[in-house]
1. Checking Ile55 against (1) modelled with pLDDT of 90 or more; (2) in a helix (DSSP H, G or I); (3) not polar (S, T, N, Q), which test does it fail?
2. Look at Gly22 and say whether it is on the phi < 0 side of the Ramachandran plot, modelled with pLDDT of 65 or more and touching a Lys or Arg at 6+ places or on another chain (Cβ under 6 Å).
3. So which of Ala136, Ala100 is at pLDDT 75 or above and more than 30 Å from Arg24 (Cβ to Cβ)?
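The values are calculated or read from the model by the stated rules, or taken from the named source; none is laboratory data. Everything numeric in this text was worked out from a predicted model, so none of it was measured. Because the Cβ atoms are built from the backbone with ideal geometry, glycine has one as well, and the counts that use them run over all protein chains shown.
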Amino acid sequence: MFDVNDDAKSAFRRVEVLTGPGRRRRWSADEKARIVAETLVPGARVSEVARRWQICSQQVFGWRRAMRQDLPNLAGTTTTPSFVPIVSEAIPAATVQRAASAASGIEVKLAGAVVRVSSGMDDAAQLTAVLRAVRASASRS
């Protein structure tokens, strides 16, 4: 049987020294923001900042993730994408005319032949037949 008094008579006793906080700490939003801000400084390491504040680096990463998710809410914006109006530069008139004439039809160069399709042609089957005929005639020669 083990006697408690026997332990008191021995010459050496085991002592554990615990460093750091001994209880669960509560961090205010300002303290969390200050710690996260320290990690966002260029060249800062999360592990070093966490060690300095005596917390686990995973806790700091969790706070960073939470603050990134809360950032749109703090700014008062929604998470839906918004569109920016397009501002174009003035285009010379010659470029516009050239683009308009090119858009009026399609020109296909196939096997030495040029097939021009006007913008009003809606018959895809006829166009396919013409292109196959051009290809077939080119393979015979």
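1. Among (1) modelled with pLDDT of 90 or more; (2) in a helix (DSSP H, G or I); (3) not polar (S, T, N, Q), the lone unmet condition for Ile55 is (2).
2. In short, no.
3. Of Ala136, Ala100, the one residue that is at pLDDT 75 or above and more than 30 Å from Arg24 (Cβ to Cβ) is Ala136.
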